[in-house]
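Here is the structure we will look at, set down as structure tokens.
The values are calculated or read from the model by the stated rules, or taken from the named source; none is laboratory data. Owing to the predicted nature of the structure, the values given are computational and were not obtained by experimental measurement. For neighbour counting, all protein chains shown are included, and Cβ atoms are generated from backbone atoms with ideal geometry for every residue, glycine included. Quick note on the areas: whole protein, heavy atoms, side chains included, nothing else; ligands and nucleic acids left out. Shrake-Rupley method; radii C 1.70, N 1.55, O 1.52, S 1.80 Å.
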Amino acid sequence: MNIFVVLFLGLSLNNNLCLGGDTISLNKSLSFGETIVSSGEKFELGFFKPGNSFNYYIGIWYKNTILWQNVVWVANRDKPLDYGTANLTILQGNLVLIDKFQGIVWSTHVARTITPNNSVVVAVLHDDGNLILSYNSNSSTPLILWQSFDNPTDTLLPGAKLGYDKHRNTLREQVLISWKAMSDPTRGLYSLELDPRHARFVIKWNRTKEFMEWPYVQPIT
């Protein structure tokens, strides 16, 4: 069953220049005002300014919508940028957002020992809305280092899962957290979480007070 969940969303986007292609690599970074588009032109990644906010963010949104472009993932939701130069680039095996002062605003935080050759690390935006950072060695199967599906913000797209991130044995909890306001993607007060002890999903206020729940049913494969 495909599930599309958005806890809270509302914004407007600036017109950006499409960089062309669906990939960010060592020699192809994403600059302020540029975007990349998935191969089937379903999703777009780039800088956006929500509503009447003065802040800018890196996000993924549906490319073709009628009324507005829905943002489904935000990288730097708690560390906004102001207007100016910024770059999303590959640095030391990580996808990194660098501000106009050359400071690191956001990073995928992949261990450096995993990527001995930085030149073959790429980030690709896929048609399911998943941004995947991978190490493309001589092997026929690229090694996935990080993906946005394992790091959701307020939206669960078809194909993504909500639970615990078992990648690299981190066991980090995956939670959907609402936007703070229509023009502010900062973490808000409402969250959707998986409670594995009681096999249920729970919506919480302030990550503490439960006010809605429903059973979790393991999908049949």
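Assorted remarks:
- Taking Cβ atoms as reference points and 14 Å as the exclusive limit, the residues near Gly129 contribute a net charge of -4, counting Lys and Arg as +1 and Asp and Glu as -1.
- Working note: Karplus 6.51/-1.76/1.60 with θ = phi - 60° gives segment 81-95 the couplings 9, 8, 5, x, 6, 7, 9, 10, 9, 8, 9, 6, x, 10, 8 Hz, where Gly and Pro are set to x.
- Each residue of segment 187-192 was assigned a 3J(HN,Hα) from its phi angle through the Karplus expression (A = 6.51, B = -1.76, C = 1.60, θ = phi - 60°), giving 3, x, 8, 10, 9, 10 Hz with x at Gly and Pro.
- Amide H contacts of Trp73 (H built 1.01 Å from N, under 5 Å, at least 5 apart or other chain): Ile60
- Charge tally around Lys49: other residues with Cβ under 14 Å, Lys/Arg +1 each, Asp/Glu -1 each, net -1.
- Amide proton proximity set for Gly21, modelled H, under 5 Å, gap of 5+: Val37
- Taking each residue as 0.36 nm, the span from Lys63 to Gln92 lengthens on full extension beyond its C-alpha to C-alpha distance by 7.5 nm.
- By accessible area with a 1.4 Å probe, ligands and nucleic acids excluded, highest first: order of Tyr135, Tyr62, Tyr57: Tyr62, Tyr135, Tyr57
- Once all protein chains are placed together, Glu34 keeps about 40 Å² accessible to a 1.4 angstrom probe.
- Placed amide H near Arg187: partners under 5 Å, 5+ positions off or other chain: none
- Spin-label pair Asn70/Leu143, simplified geometry with 7 Å Cα→Cβ offset, distance in nm: 3.6
- For Lys204, the lysines whose Cα falls under 27 Å of its own Cα, not counting residues fewer than eight places away in the same chain, are Lys79, Lys161, Lys166, Lys180.
- Summing charges over all other residues whose Cβ lies under 13 Å from the Cβ of Ser38, with Lys and Arg as +1 and Asp and Glu as -1, gives -3.
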